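Novice: Pasting in a structure now, in structure tokens, and then I'll have a few things to ask.
The values are calculated or read from the model by the stated rules, or taken from the named source; none is laboratory data. Quick caveat, the model's predicted, so the values are computed rather than measured. Here the Cβ positions follow ideal geometry from the backbone for every residue, glycine too, while neighbour counts run over all protein chains shown.
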Ligand code: GLP
């Protein structure tokens, strides 16, 4: 694991975008696993800026998103499909057919999860998976206590996650109770993983994920077992880790 300490959110976004750019340049038809939430917004903005300068080409890139609320249509402004179009896809030259997101409107969970796993397998797996982290250590929508062995499945969101995501909705009551998410197994099968975290609200989850015991109670802790993880986080998110460890300029931990 490499950990890069960012000065602030802008620095974090630029560093994360640099890693994604490198993947796109090295493998123009790479499969990118993408995330939503507040954390990646700056990263996507930076990628768009480099695309506009002519430094990046998304014409062969394929994408699979981590998760989607069950019950929301793609054109609902709170859906992750809408978020992805607004924050990235509509501003770069990725072909619509190369974009994959769980279908929130599919009522049959078994059918939708099987379809999505097939999509990931048919693409040959994920080259680089971008992840944020929930304050309770969740990745994607894999909540604490969820089995590490699952592929795409439908989850019941915890109160903690509903509270955290209520800020994006008119009221807490409007936050969907269920979501489709890639499972830990899909995430762990990605060839490389880039996790980004910003702000002190993530400090405990970051410490527990990377320095605590590996347990389903902290879904992010499974990443300790992946052989190609890069973490980019700001000082606030790294605060508890930095109390005990030093991070070298090369991203190694002493
Ligand atoms: C949401 C998403 C996750 C995201 C996490 C953190 O619940 N399902 O994929 O990583 O919350 O979000 P944020 O970056 O807004 O803190």
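Novice: Across the range 60-79, which residue is surrounded by the most Cβ atoms within 10 Å (Cβ to Cβ) among those that are closer than 19 Å to residue 119 by Cα and away from the ligand (no atom under 15 Å from the Cβ)? Talk me through it step by step, then tell me what you get.
Specialist: Start the filter on the range 60-79 by keeping residues that are closer than 19 Å to residue 119 by Cα, which leaves 60-70, 74.
Imposing the further condition that a residue be away from the ligand (no atom under 15 Å from the Cβ) reduces the set to 60-62, 74.
Details: 60: 14, 61: 23, 62: 20, 74: 15.
Per the stated criteria, the residue is 61.
Novice: Name the single residue that is farthest from residue 241 (Cα to Cα) among those in the range 1-48 being assigned to a strand (DSSP E or B) and more than 14 Å from the ligand (Cβ to nearest atom).
Specialist: Among those that are assigned to a strand (DSSP E or B) and more than 14 Å from the ligand (Cβ to nearest atom), it is 31.
Novice: Within the range 145-156, does at least one residue satisfy the condition of being touching a strand residue (DSSP E or B) at 6+ places or on another chain (Cβ under 7 Å), surrounded by fewer than 21 Cβ atoms within 10 Å (Cβ to Cβ) and at pLDDT 90 or above?
Specialist: The answer is yes; a qualifying residue exists.
Novice: Restricting to the range 88-112, name every residue that is in contact with a strand residue (DSSP E or B) (Cβ under 7 Å, 6 or more places away or on another chain), away from the ligand (no atom under 16 Å from the Cβ) and within 15 Å of residue 183 (Cβ to Cβ).
Specialist: Correct list: 109, 112.
Novice: Related question: What do you reckon, is residue 249 closer than 24 Å to residue 14 by Cβ, at pLDDT below 95 and either within 16 Å of the ligand (Cβ to nearest atom) or not in a helix (DSSP H, G or I) (or both)?
Specialist: Here the answer is yes, as residue 249 does meet what is asked.
Novice: Which pairs do you get when a residue that is in contact (Cβ under 8 Å) with a residue 60 or more places away in the chain, found in the range 149-166, comes within reach of a residue that is within 11 Å of the ligand (Cβ to nearest atom), reach meaning Cβ atoms under 6 angstrom, with the pair 6+ apart or on two chains?
Specialist: Note: pairs meeting the criteria are 154/180.
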